[in-house]
Amino acid sequence: LSMSGKGGAMIQSNAKKALFAKGRLKPGVMNKTEAKYAAYLELLKQAGEVLWYAFEGMKFKLADACFYEPDFAVMLADGSMEMHEVKGAKAIFQDDAKVKIKVAAQKYPFKFKAIFPLKNNGWEVIDY
């Protein structure tokens with residue numbers, strides 16, 4: 001949502017601004033949602049459901065000069081690998097990110113999942 005202000009300047013609405021983080025963090029640094037999800041993965045690891053996980057642990061080439069780096073690479077107890085993309089809300093899961101996860105899911109032999117926090121402290125999972 002935007003509207004023209006005086007002089008043709010575009011003003012973003014506060015609602016849209018609130019959805020997006022104020023810039024990106026340095027590579028290897030988790031945001032609050034990613035840190036919360038890492039704590040959840042650690043609980044699954046202690047319970048024996050996850051053997052290993054790494055933040056920004058894998059990077060996939062999708063095309064020339066086009067890469068996708070999921071937030072978490074996760075090895076489950078059965079040895080299978082999954083790639084987890086963690087977002088603070090569905091509204092901020094942009095089209096370019098959706099395309100990248102879909103292409104990666106078609107090209108590579110791993111399960112790719114988008115993860116969103118629920119208000120009751122759980123996680124919503126979308127499989128690709």
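The values are calculated or read from the model by the stated rules, or taken from the named source; none is laboratory data. Every value quoted in this text rests on a predicted model; they were computed, and no experiment measured them. A quick note on method: Cβ atoms are made from the backbone with ideal geometry, for glycine too, and the neighbour counts reach across all protein chains shown. Just the protein is used for accessible areas: all its heavy atoms, side chains included, with ligands, DNA and RNA removed. Shrake-Rupley method; radii C 1.70, N 1.55, O 1.52, S 1.80 Å.
Points worth noting:
- If you go through the range 86-128 and keep only what is open to solvent by 30 Å² or more (accessible area, probe 1.4 Å), among the aliphatic types (A, V, I, L, M), outside any helix (DSSP H, G or I) and in contact (Cβ under 8 Å) with a residue 60 or more places away in the chain, you end up with just 89.
- Hits in the range 70-84 (condition: among the acidic types (Asp, Glu) and touching a helix residue (DSSP H, G or I) at 6+ places or on another chain (Cβ under 9 Å)): 71
- Selection count where residues are within 15 Å of residue 67 (Cα to Cα), more than 13 Å from the chain's Cα centre (by Cα) and either of a type in the set (A, V, I, L, M, F, W, C) or at pLDDT below 95 (or both), scope the range 100-128: 3
- Residues in the range 82-98 that are among the aliphatic types (A, V, I, L, M) and in contact with a Leu (Cβ under 9 Å, 6 or more places away or on another chain): 89, 91, 92.
- Tally of residues being surrounded by 16 or more Cβ atoms within 10 Å (Cβ to Cβ) and either under 21 Å from residue 121 (Cα atoms) or of a type outside the set (A, V, I, L, M, F, W, C) (or both) across the range 58-82: 6
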